[in-house]
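Quick notes on the structure that follows.
What follows is calculated from the coordinates using simple rules that are stated; it is not laboratory data. Since we're looking at a predicted model, the values are computed, not measured. Using ideal geometry, Cβ is built from the backbone for each residue, glycine included, and neighbour counts are taken over all protein chains shown.
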Amino acid sequence: MSIHEYVKSQEISLEDYPFYALIMAAMRQADDANLMRLQREFPEQWGELRERYNTPGGVFNDDELIWHERYYADKHRRNDDGS
């Protein structure tokens, strides 16, 4: 690990992301060896990440679709008003 990676880990931890969101993000960016380790330690999250990756918008049902649409509408609205 480098000092850069350590400092980035501090910055990421300040954002208070959900634990499994961090695991799935790590899986997306991992090299082959680290991905295999993550898959072995978090098989359920790997399965869900694969399923959601192959599903439009990562959405499984109508409730998730509603949440997804609101989330991105709110995010877009915040970006439009500069906040």
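Structural remarks
- Ranked packing of 70-80, 44-54, most packed first, by mean Cβ within 10 Å: 44-54, 70-80
- Hydrodynamic analysis of the chain uses the Kirkwood radius over alpha carbon pairs. Inserted into Stokes-Einstein at 10 °C and 1.306 mPa s, it gives a translational diffusion coefficient of 105 µm²/s.
- Dipole magnitude for the chain: about 200 debye, using +1 per Lys or Arg Cβ and -1 per Asp or Glu Cβ, origin at the Cα centre.
- CD proxy at 222 nm, helix term only [per DSSP H run n ≥ 4: -39500 (n - 2.57); per residue of the chain; nearest 500]: -24000 deg cm²/dmol
- HN-Hα J in Hz across region 3-12 - Karplus 6.51, -1.76, 1.60, θ = phi - 60°, x for Gly and Pro: 4, 4, 5, 5, 5, 4, 5, 5, 4, 4
- Estimated FRET transfer efficiency (His68, Ala21; beta-carbon r; R0 22 Å; 0.05): 0.90
- The phi-based Karplus calculation (6.51 cos²θ - 1.76 cosθ + 1.60; θ = phi - 60°) puts the 3J(HN,Hα) values of region 24-41 at 5, 5, 4, 4, 5, 9, 5, 6, 4, 5, 6, 4, 4, 5, 5, 4, 5, 7 Hz, whole numbers, x for Gly and Pro.
- Neighbour-count order for Phe60, Phe42, fewest beta carbons within 10 angstrom listed first: Phe60, Phe42
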